[in-house]
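**Q** Submitted below is the structure of interest, expressed as structure tokens.
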Amino acid sequence: MADTAVASTVPKKSRNNRKALKQKNPSTNESNIMAQKLSETSTATVLSPSDTDPSKENHASHSQPRSSPKKGKSKAAKAKQNKEASASLFEKDFQEMQEMLQQLKLEKEKTEVLLKEKDDMLKAKDEEIEMKGKEQQKMKMELKKLQKLKEFKPTMTLPFVQVMNDKEQDKKKKKGGNEIKRPCPPYSLWCKAQWNEVKKENPDAEFKDISNILGAKWKTITAEEKKPYEEKYQAEKEAYLKVMTKEKRESEAMKLLEEEQKQKTAMELLEQYLQFKQEADQEENSKKTKKEKDPLKPKQPLSAFFLFCNERRAALLAENKSVLEVAMIAGEEWKHMTEKQRGPYEEVAKKNREKHMQEMEAYKQTKDEEAMNLKKEEEELVKVQKQEALQLLKKKEKTENIIKKTKEQRQKKQQQNVDPNKPKKPASSFLLFSKETRKSLMDGRPGISNSTLTAMISVKWKELNEEERQIWNSKAAEAMEAYKKELEEYSKSLAAATSNDEQQQ
């Protein structure tokens, strides 16, 4: 009986149950429920009253019939063995259950972390979708605003000065550059006059050879022979300078006037745009305005067929015919009509055409007169604007002259303070070389411009060898040494003079 009591208290755990627990991969909720159940069963088995109460064991032993002492001892030993085996089994099961619980807890934590990450991802995606929706709404609003702005058509005219400048530029382009040419120097004028003679004397000579011959001749010519060419050059130069100075003054004046008019136009545009914006905000569904036709322009006359249709329309409509039926019937009747029947309609159409031609001629004449009047008004406006521009230029020149005078006065004061006895810095090797080469080039090619001269000098300087450059470098070094000595002497004399002044004081 004791064996049976012990066996009843200890729960039998089959191995199949263990396999089932290991095979399953329960979720977080299921794992929590299973852990609670297992903990309850373990506590129940550990704290069962049959194992703990000694009174019940004694009662069971007293209720059993008394047997022999040997049989009692053997049964007690067996009971002890059973108890020890069941306790060892329970301990093993309990350890396994604890390991399972730890694994389930770890899995639960991992799943919770994954769920949090997924929630964060979903929230981020929802925020992105909301942001995209807001951006799309903003873009739609901006598109609507831009569409409204496209309809903005300013009524103001462009500055008249700008329009006139554009017209003048177009005229120059069309004419092919009828600009005033620069005057030729006396040498080139003489070459033009002597070219044909030299060509006759040397028919096989090339362009380069002829230019060399003319250059050699020009050196041998006296000053009296050069005089007419020089006088011609001076006269052309004076005329060219007069025209250029006039054009420059006019262009400067027009630029000043342009700037003023641009500011005015910008302000007018701003006001018109603000008005348009207010109207656009009030009227969201604004319709496009059609181009207005000239009401004074004569309308085109009706043809003979349309005159016939106008006569027949009233009679056919009285017969309860539709507009399409009226057009079909009138077309068929016109086809079957003879030339005599069509004659009166064609005569009326002809008279109407002649009348329309006369009206169109008169209309064109009026339009031409209006255009001519507009041109005259524009020319008068140009004259007035030129005068205004010249007045502005005079004001600007006055201010510039005042600024120049003040600068000159300051420079004079500075120059007065500078000691004239102070030695000047010497020229560099390149400047020394350019002074000598300039003279030779001017003699060989008279009338050459300064820009070409400087370019040729720089090319020649680059072509020099190191030995040739060393000559000019040595000259510059000698001049620098002399300058340093003079500076030392000057500084000593200055120091002596200052010391004398202090002693006298």
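The values are calculated or read from the model by the stated rules, or taken from the named source; none is laboratory data. The shown structure was predicted, so the numbers you read here are calculated from the model rather than taken from an experiment. Please note: Cβ atoms are built from the backbone with ideal geometry, for glycine as well, and neighbour counts cover all protein chains shown. Accessible surface is based on the protein model in full, side chains and every heavy atom, while ligands, DNA and RNA are left aside. Shrake-Rupley method; radii C 1.70, N 1.55, O 1.52, S 1.80 Å.
**Q** Quick test of your reading of the structure: F306 fulfils all but one of (1) modelled with pLDDT of 85 or more; (2) open to solvent by 50 Å² or more (accessible area, probe 1.4 Å); (3) within 30 Å of L390 (Cβ to Cβ). Name the failing condition by number.
**A** Status for F306: all satisfied but (3).
**Q** Next question, about the same structure. Being touching a helix residue (DSSP H, G or I) at 6+ places or on another chain (Cβ under 8 Å) and of a type in the set (A, V, I, L, M, F, W, C) is the filter here, so list the residues in the range 100-145 that pass it.
**A** Once the filter is applied, which keeps residues that are touching a helix residue (DSSP H, G or I) at 6+ places or on another chain (Cβ under 8 Å) and of a type in the set (A, V, I, L, M, F, W, C), the range 100-145 yields M100, L101, L104.
**Q** Pairs, please: C-beta under 7 Å, at least 6 apart or cross-chain, first residue under 27 Å from K484 (Cα atoms) and modelled with pLDDT of 80 or more and in the range 399-423, second of a type outside the set (K, R) and open to solvent by less than 90 Å² (accessible area, probe 1.4 Å)?
**A** P423/Y483; P423/L487; P423/Y490
**Q** Hey, could you check the range 445-454 for residues that are assigned to a helix (DSSP H, G or I) and farther than 17 Å from S429 by Cα and say which is least open to solvent (accessible area, probe 1.4 Å)?
**A** Step one: list which residues in the range 445-454 are assigned to a helix (DSSP H, G or I), which gives 450-454.
Of the ones still in play, those that are also farther than 17 Å from S429 by Cα are 450-453.
Numbers: N450: 111, S451: 81, T452: 57, L453: 1 Å².
For the range 445-454, the residue satisfying everything is L453.
**Q** Tell me, please, whether a residue that is farther than 25 Å from K394 by Cβ, in contact with a helix residue (DSSP H, G or I) (Cβ under 7 Å, 6 or more places away or on another chain) and among the hydrophobic types (A, V, I, L, M, F, W, C) can be found in the range 216-226.
**A** Yes, the range 216-226 has at least one match.
**Q** Just checking, which of N352, N373, N320 is without any contact (Cβ under 8 Å) to a residue 12 or more places away in the chain and surrounded by 10 or more Cβ atoms within 10 Å (Cβ to Cβ)?
**A** Details: N352 fails: without any contact (Cβ under 8 Å) to a residue 12 or more places away in the chain; N320 fails: surrounded by 10 or more Cβ atoms within 10 Å (Cβ to Cβ).
Of the residues listed, the single one that is without any contact (Cβ under 8 Å) to a residue 12 or more places away in the chain and surrounded by 10 or more Cβ atoms within 10 Å (Cβ to Cβ) is N373.
**Q** Within the range 417-429, can you find the residues that are touching a helix residue (DSSP H, G or I) at 6+ places or on another chain (Cβ under 9 Å) and open to solvent by 80 Å² or more (accessible area, probe 1.4 Å)? Step through it out loud before you land on a result.
**A** Quick first cut of the range 417-429, residues touching a helix residue (DSSP H, G or I) at 6+ places or on another chain (Cβ under 9 Å) only: 419, 421-429.
Passing the criteria: N421, K422, K424, K425.
**Q** Would you tally the residues in the range 455-465 being farther than 25 Å from S188 by Cα and either surrounded by 15 or more Cβ atoms within 10 Å (Cβ to Cβ) or over 50 Å from the mean Cα position of the chain (by Cα) (or both)?
**A** Residues that pass the stated criteria total 2.
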